1. What number of residues within segment 309-341 are without any contact (Cβ under 8 Å) to a residue 40 or more places away in the chain and within 26 Å of Trp171 (Cα to Cα)?
2. Can you confirm whether segment 317-336 contains a residue that is crowded, with 22+ Cβ neighbours inside 10 Å and assigned to a helix (DSSP H, G or I)?
3. From the residues in segment 257-279 that are farther than 19 Å from Leu322 by Cβ and in a strand (DSSP E or B), which one is modelled with the lowest pLDDT?
4. When both residues are 6+ apart or on different chains and their Cβ atoms are under 7 Å apart, which pairs have a first residue that lies in segment 268-290 and is among the small types (Gly, Ala, Ser), and a second that is not in a loop (DSSP other than H, G, I, E, B)?
5. All but one of (1) out of contact with any strand residue (DSSP E or B) (no Cβ under 6 Å at 6 or more places or on another chain); (2) small (Gly, Ala, Ser); (3) assigned to a loop (DSSP other than H, G, I, E, B) hold for Gly76; which doesn't?
6. Among the numbered criteria (1) charged (D, E, K, R); (2) modelled with pLDDT of 90 or more; (3) over 24 Å from Glu204 (Cβ atoms), which one does Glu170 miss?
7. Pairs, please: C-beta under 7 Å, at least 6 apart or cross-chain, first residue touching a residue at least 40 places away in the same chain (Cβ under 8 Å) and in segment 57-72, second part of a loop (DSSP other than H, G, I, E, B) and of a type in the set (A, V, I, L, M, F, W, C)?
8. For Asp121, all conditions in the list (1) surrounded by 15 or more Cβ atoms within 10 Å (Cβ to Cβ); (2) in a helix (DSSP H, G or I); (3) within 23 Å of the chain's Cα centre (by Cα); (4) not small (Gly, Ala, Ser) hold save one; what is the number of the exception?
Amino acid sequence: MLNYRSDERYSQQVAEQLAGFVQPLLERLDRQMDKRLVRTFLATLQAIITFRHSQYGLLLSELGAYVVSPAQAPAGTKRVSNLLRSRKWKAEVIEDFLWEEADAQLAAHRDEEKPPLVVWDESVVEKAETLASEDLGSVRSRRVALLKRTRPGFFFNPPGGRPVFVPGMEWITLLLLVPELPPVVAAMRWWTTRGPHASRRRDEQGALLQQCVGLWGRRVIHVWDRGFASWPWLQEVLAHPVRFILRWPKRYKLLNAQGLKVNAWQVTRGKRSVDSRNIWDARRHCWRKTGLVFAPVRHPAHESPLWLVVARPGKGREPWYLLTNEPVATAEDAWRLIFAYARRWQVEMTYRFAKTELAMQSPRLWFWHNRLKVMMMVALVYAFLLSLLLPAADAIRHDLLRRWCHRTGKRYRTAAVPLYRLRSALSRLWLAHPPDLLVLLQIPG
């Protein structure tokens, strides 16, 4: 338990965790811009955590009331606007800080038998209500696809037709997953296909891969979903000394052990599972008897030896076809890769949390660079919330959940990662007892 005399003191202690987490970044910003902007930067991070609204969470006019006070909201909005419009700093300074934090956690990992994972995934930021913002591209709407999804027993015959495209930004995320520790945000990057800042998907992915190779080499295993499954991407990956697991579509071609070009599902057709286990499906909360089979393969356009690991969940569920360059000699090797790929679901939860809880699709900013600064500040907030899941923050997390977001249901008490409750507790605490940021920054009032 923490030693605190009052709720005000406890609020200040929790705010010290935020200031301590971003302290190296604040020192770097302090060398680049005015101290008042540094103070506004920290106050804005606190405001993003405090103000919870899925539609208006990142509106400057709303954040301004939390940076100062509701009675002085216009002044607070002006301060945040000055911070974002300042040319003395760029969003890249936050991106570099996140890379350094991920690299520091990786450096502390010593168990070579359990290599860390770098999980990749892509999404979009939809801005369907505007065409005026600078450099918005055309993105495929995930929101419309979700609304069109069939709900068994309730909805049927969903509308068909072509995919719906709306204005927005492309979004790619890398999470570093160290065994027995919470995820770490290694990178979040946004890009567009139109305007002066237009880019290409392959260029953005290639730049991130180059950075990973330069920092970590073969110390990590990269995990990709089917969205990355293509020969051009596989060719780029094989050109670098990286370890990877790639979910391969079942109808994509591979060369089997006899050198025949077949679909992926045909490589193991007719082969009995070499092992099976009852595995807990954390997404659907049930046990599934899952079979396993693996075989050596090659890609038709490359000579590098690869392995295809197939997980068979049974009962009509589609198998996983995992293509990897990790040697698979035993069933235990194959299970290790399957469990590694299963952790990829954490990056899906990252997108869900960022879009719903952190209102990542709500900014209304005209200019591209200002928009990127806000997005990177939200990524920094998310990285801080994840840091509160570390064992070193057990006491703070326990007190926050018990005193400021108490729940009695078994589901909430047994949640492995109560990130939503944690953010709710922080918001309630700082709304009731706003911390003194001047003390944290040691800046005269």
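1. Residues flagged as without any contact (Cβ under 8 Å) to a residue 40 or more places away in the chain and within 26 Å of Trp171 (Cα to Cα) within segment 309-341 amount to 1.
2. Taking every residue of segment 317-336 in turn, at least one turns out to be crowded, with 22+ Cβ neighbours inside 10 Å and assigned to a helix (DSSP H, G or I).
3. Here is the first cut: in segment 257-279, the residues farther than 19 Å from Leu322 by Cβ are 258-261, 270, 278.
Applying the additional criterion that residues be in a strand (DSSP E or B) yields 261, 278.
Working: Lys261: 95, Asn278: 89.
Among residues in segment 257-279 that are farther than 19 Å from Leu322 by Cβ and in a strand (DSSP E or B), the one modelled with the lowest pLDDT is Asn278.
4. Within 7 Å, the pairs are Ser273/Gly291; Ser273/Leu292; Ser273/Val293; Ser273/Arg312; Ser276/Lys289; Ser276/Thr290; Ser276/Gly291; Ser276/Leu292.
5. (3)
6. Result: Glu170 fails condition (3) only.
7. Close Cβ pairs satisfying both conditions: Gly57/Phe51; Gly57/Leu358; Gly57/Ala359; Leu58/Ala359.
8. (2)
The values are calculated or read from the model by the stated rules, or taken from the named source; none is laboratory data. Not measured: the values here are computed from a predicted model. For neighbour counting, all protein chains shown are included, and Cβ atoms are generated from backbone atoms with ideal geometry for every residue, glycine included.
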